[in-house]
Amino acid sequence: MKTILAHIQLMRPANIITAIADVLAGFAVSGAAVQLFSAENPESGALFYQLLWLILATIGLYGGGIVFNDVFDAELDKKERPERPIPSGGASVLSASILASLLLIVGIAAAFQASLFSGIIAIIIAILAILYDSWGKHQLIFGPINMGLCRGGNLLLGVSAIPSVIQDFWFLALIPVIYIAAITMISRGEVHGGNKKALLGGAAMYVIIILALTFLGFVSKIPWWQVIPFVLLLTYFIFPPLSRAITKQEPQLIGKAVKAGVISLIVLNAALSSAFAGWIYGIIVLLLLPVSMGIAKKFAVT
């Protein structure tokens, strides 16, 4: 049981819930969410099964990518984070590598069940994830961008439910790219503290995200009052812990700011979803938040 729990911990299950929210948001952007709940749409059943395949795909892709992160960090974690599953002996580099590989294979295979285009996107996500784990995260500039591209690709994975829509809304993938880049910058002081410039840089990118979502709320076909409450909720979740981290620059506070940012991905996706499918669908996505927060009490997020 200890070994099983260690491998589940490697997968960061609370974070996987946020990846599911990415796909649900992309599904809304594509217009498939509106079609799914349309009583007159004969394709609703097919869209539902397609969504299930995409959810399974993102579980595999995110899980595999995050497990490989610990595999590549095994030696470093012996010094900085000995409590993690691999350095603590709960899992081995070999067992973690096998798990990560199987997860990525399942993710890619599931994506191909949804569509050929979804499968291609899944392969790109897997490559980006391994690139980040093995090399990208050590790069000052490209690292945050690399991680952001993984999340942007995850959003597009949801949009690929209707492939033709991607050419019209591909730029929306920049929202999770910038958001994740912000979290990645903030996390650089998580072990040793300090790094105020990175914290301020992350805060600046958060502001860009809030402004972008607000703009989207006012220009989309959905009434603005269905979108803005989600944007305000996102602001409430991410800025207070980041403000405390900037003030004291202590590792523990920075860790809390990172955790808040990761969990709040669900709120971001709820805001994005509401702009394309209305507040009810936004609430459906937001319901993943207490699930993720509950799991986060049992398993590490960062």
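The values are calculated or read from the model by the stated rules, or taken from the named source; none is laboratory data. Since the structure is predicted, the reported quantities are computational estimates derived from the model, not experimental observations. Neighbour counts run over all protein chains shown; Cβ positions are idealised from the backbone, glycine included.
Do we have any residue at all in segment 182-193 that's crowded, with 21+ Cβ neighbours inside 10 Å, of a type in the set (Lys, Arg) and within 28 Å of Leu128 (Cα to Cα)?
So far as segment 182-193 goes, yes, one or more of its residues are crowded, with 21+ Cβ neighbours inside 10 Å, of a type in the set (Lys, Arg) and within 28 Å of Leu128 (Cα to Cα).
Name the pairs whose Cβ atoms lie under 7 Å apart, with the first residue in segment 179-197 and at pLDDT below 80, the second among the charged types (D, E, K, R), and 6 or more positions between them or separate chains?
Val191/Glu80; Gly193/Glu250; Asn195/Arg188
Which of (1) over 22 Å from Ile183 (Cβ atoms); (2) touching a residue at least 40 places away in the same chain (Cβ under 8 Å); (3) over 16 Å from the mean Cα position of the chain (by Cα) is the odd one out, the single condition Phe112 does not satisfy?
Answer for Phe112: the failing condition is (2).
Is there a residue being of a type outside the set (Phe, Trp, Tyr), touching a helix residue (DSSP H, G or I) at 6+ places or on another chain (Cβ under 7 Å) and within 20 Å of Leu149 (Cα to Cα) anywhere in segment 247-258?
Scanning segment 247-258 turns up at least one residue that is of a type outside the set (Phe, Trp, Tyr), touching a helix residue (DSSP H, G or I) at 6+ places or on another chain (Cβ under 7 Å) and within 20 Å of Leu149 (Cα to Cα).
What are the residues in segment 264-285 that are part of a helix (DSSP H, G or I) and either surrounded by fewer than 21 Cβ atoms within 10 Å (Cβ to Cβ) or free of Cβ contacts under 8 Å to residues at least 40 places away in the same chain (or both), if any? Walk me through it before giving the result.
Start the filter on segment 264-285 by keeping residues that are part of a helix (DSSP H, G or I), which leaves 265-277, 279-285.
Result: Val267, Trp279, Ile280, Ile283, Ile284.
Looking at the structure I just gave you, is Arg151 without any contact (Cβ under 8 Å) to a residue 24 or more places away in the chain, crowded, with 16+ Cβ neighbours inside 10 Å and of a type in the set (Lys, Arg)? Spell out how you get there, then give the answer.
On the way: without any contact (Cβ under 8 Å) to a residue 24 or more places away in the chain: no; crowded, with 16+ Cβ neighbours inside 10 Å: yes; of a type in the set (Lys, Arg): yes.
Against the criterion (without any contact (Cβ under 8 Å) to a residue 24 or more places away in the chain, crowded, with 16+ Cβ neighbours inside 10 Å and of a type in the set (Lys, Arg)), Arg151 does not qualify.
Taking segment 210-240 as the search range and keeping residues that are in contact with a Gly (Cβ under 7 Å, 6 or more places away or on another chain) and not in a helix (DSSP H, G or I), which one is surrounded by the fewest Cβ atoms within 10 Å (Cβ to Cβ)?
Ile222
For the structure I just gave you, tell me whether Lys298 is closer than 20 Å to Ala182 by Cα, in contact with a helix residue (DSSP H, G or I) (Cβ under 9 Å, 6 or more places away or on another chain) and of a type in the set (Lys, Arg).
On the way: closer than 20 Å to Ala182 by Cα: no; in contact with a helix residue (DSSP H, G or I) (Cβ under 9 Å, 6 or more places away or on another chain): yes; of a type in the set (Lys, Arg): yes.
Against the criterion (closer than 20 Å to Ala182 by Cα, in contact with a helix residue (DSSP H, G or I) (Cβ under 9 Å, 6 or more places away or on another chain) and of a type in the set (Lys, Arg)), Lys298 does not qualify.
Filter segment 19-60 down to the residues that are at pLDDT 95 or above and of a type in the set (Val, Ile, Thr) and list them by number.
If the condition is that a residue be at pLDDT 95 or above and of a type in the set (Val, Ile, Thr), then Ile20, Val23, Val29, Ile55, Thr58, Ile59 are the ones that fit.
For segment 22-38, give me each residue that is assigned to a loop (DSSP other than H, G, I, E, B) and farther than 17 Å from Gln167 by Cβ. Break it down into steps so the answer makes sense when it comes.
Step one: list which residues in segment 22-38 are assigned to a loop (DSSP other than H, G, I, E, B), which gives 30-31, 37-38.
Those that are assigned to a loop (DSSP other than H, G, I, E, B) and farther than 17 Å from Gln167 by Cβ: Phe37, Ser38.
Could you say whether any residue in segment 179-197 is more than 15 Å from Lys259 (Cα to Cα), among the aliphatic types (A, V, I, L, M) and either part of a helix (DSSP H, G or I) or within 17 Å of the chain's Cα centre (by Cα) (or both)?
No, segment 179-197 contains no residue that is more than 15 Å from Lys259 (Cα to Cα), among the aliphatic types (A, V, I, L, M) and either part of a helix (DSSP H, G or I) or within 17 Å of the chain's Cα centre (by Cα) (or both).
Among the residues of segment 90-147, count how many are in a helix (DSSP H, G or I) and either farther than 22 Å from Val23 by Cα or of a type outside the set (Val, Ile, Thr) (or both).
From segment 90-147, those in a helix (DSSP H, G or I) are 93-114, 116-134, 136-138, 142-147; that's our starting set.
Add one more test, that the residue is either farther than 22 Å from Val23 by Cα or of a type outside the set (Val, Ile, Thr) (or both), and what stays is 93-104, 107, 109-114, 116-119, 122, 126, 128-129, 131-134, 136-138, 142-144, 146-147.
Of the residues in segment 90-147, 39 are in a helix (DSSP H, G or I) and either farther than 22 Å from Val23 by Cα or of a type outside the set (Val, Ile, Thr) (or both).
Restricting attention to segment 57-82, and to residues there that are out of contact with any helix residue (DSSP H, G or I) (no Cβ under 6 Å at 6 or more places or on another chain) and closer than 30 Å to Leu24 by Cβ, which single residue is surrounded by the fewest Cβ atoms within 10 Å (Cβ to Cβ)?
Asp73
If you check every pair at least six apart or on different chains, which have Cβ atoms under 6 Å apart with a residue in segment 37-54 that is more than 27 Å from Ile17 (Cβ to Cβ) first and a residue that is modelled with pLDDT under 95 and surrounded by 13 or more Cβ atoms within 10 Å (Cβ to Cβ) second?
Pairs that qualify, where the first residue is more than 27 Å from Ile17 (Cβ to Cβ) and the partner is modelled with pLDDT under 95 and surrounded by 13 or more Cβ atoms within 10 Å (Cβ to Cβ), are Asn41/Gln35.
Sort through Pro144, Pro85, Pro163 and tell me the only one that's more than 18 Å from the chain's Cα centre (by Cα) and crowded, with 24+ Cβ neighbours inside 10 Å. Show your work before the answer.
On the way: Pro144 fails: more than 18 Å from the chain's Cα centre (by Cα); Pro163 fails: crowded, with 24+ Cβ neighbours inside 10 Å.
Among Pro144, Pro85, Pro163, only Pro85 is more than 18 Å from the chain's Cα centre (by Cα) and crowded, with 24+ Cβ neighbours inside 10 Å.
If only one of Gly261, Gly255 is over 30 Å from Ile280 (Cβ atoms), touching a residue at least 60 places away in the same chain (Cβ under 8 Å), out of contact with any His (no Cβ under 7 Å at 6 or more places or on another chain) and in a helix (DSSP H, G or I), which one is it?
Details: Gly261 fails: over 30 Å from Ile280 (Cβ atoms).
Residue meeting the stated conditions: Gly255.
Kindly check whether there is at least one residue in segment 233-251 that is touching a Leu at 6+ places or on another chain (Cβ under 9 Å) and among the polar types (S, T, N, Q).
yes
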